[in-house]
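No value in this document is a laboratory result; all are computed from the given coordinates. This is a predicted model, so every value here is computed, not measured. Neighbour counts are summed over all protein chains in view; Cβ atoms, including those assigned to glycine, are modelled from backbone coordinates with ideal geometry.
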Amino acid sequence: MIEVRNLYKRYHGPFGGDWVLKDVNFVIPQGVSVGLIGRNGAGKSTLLKLLARMDAPDRGEIITNSKISWPIGLKGGFQGSMTGRQNVKFVARIHGGEDRMQHIIDYVEDFAEIGKAFDQPMKTYSSGMRSRLAFGLSLAFDFDVYISDEATAVGDTAFKKKAKKAFRSRIGKSSLIMVSHSVGILQDLCQAGIWLHQGQAIWFDKLDDALSAYNESIDK
């Protein structure tokens, strides 16, 4: 279960800043996967970072008893001079994966499908290679809730299918909070929806109802 209470967030610039999120309230029941919907700039990525504890709200709180992932596919935080393998080891140690280190390494190497580059410095990687490794690393850990910010847009068609299959395999054991421009993926993997609109978060028990409300706002 994840409960968001009276959440406010804005980013301060030299001339101040408008609220990205203001007085946001919702509860995500345990085991329910949610599609996060809204226009560009509505605060979708901001909300995901707050849920993942990668950023802090200006006001309000997030209450949960769930183990929540960092945003899947997040490429930040890697050390360019270290190899992919070394970066995986480093992240695994930070997140308590020491006792299953070899399993994590093997999983990421197999999932990323980057061949010999796994043992080359990450500063030599293309953006796609970094994304594939980051995606595999996120899924190598067991979370109650996986957060995905356009993660299924990474790679070629074959890798996208692999990513979607990996998500689907976790449904039942874990849940998702997902941002994607692909309505089909949201409908396939999510039951409920949250529509971010003018700083507010509007909860819908059914994803299709959230999509309808969003589409109606665009038509207007």
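Points to keep in mind about this one:
- With a cut-off of 14 Å between beta carbons, the residues surrounding LEU48 carry a summed charge of +1, where Lys and Arg count +1 and Asp and Glu -1.
- In plain terms, if you count all Cα to Cα distances in the range 45-105 and split them into 5 Å steps from zero, the share in each step is 3, 15, 21, 20, 17, 13, 7, 3, 0 percent.
- Each Lys and Arg contributes +1 and each Asp and Glu -1, all at the Cβ; summed about the Cα centre of the range 81-133, the dipole is approximately 260 debye.
- Using alpha-carbon coordinates, inclination of helix 101-112 to the longest axis of the chain, degrees: 70
- [x] 19.2, 61; [y] 17.8, 55; [z] 17.3, 60, with the label sought being that of the calculated Rg and Dmax of the Cα atoms in Å: [y]
- Most positive-pole-ward Cα, ALA158, GLN120, GLY41, against dipole of the chain from beta carbon charges: GLN120
- The relative contact order of the chain, computed from alpha carbon pairs under 8 Å that lie at least 6 residues apart in sequence, is 27 percent.
- Entries in LYS9/LYS123; LYS89/LYS116; LYS116/LYS162; LYS22/LYS164; LYS22/LYS44; LYS89/LYS123 that, when Cα-Cα distance is taken, lie over 22 Å: LYS9/LYS123; LYS22/LYS164
- Point-charge dipole on Cβ atoms (K/R +1, D/E -1) for the range 1-70, about Cα centre, debye to 20: 120
- DSSP beta bridge pairing in the chain, given as percent antiparallel to the nearest 5: 55
- Principal semi-axes of the equivalent ellipsoid, √(5λ) from the alpha carbon gyration tensor of the range 8-121, are 33, 18, 14 Å from largest down.
- Formal net charge of residues neighbouring GLY60 (Cβ-Cβ distance under 9 Å; K, R +1; D, E -1): 0
- Of the trypsin sites (Lys or Arg not before Pro) found in the range 63-145, the ones in coil according to DSSP and having at most 12 other Cβ atoms within 10 Å of their Cβ are LYS67.
- Unit charges on C-beta of K, R, D, E only; dipole of the chain, Debye: 460
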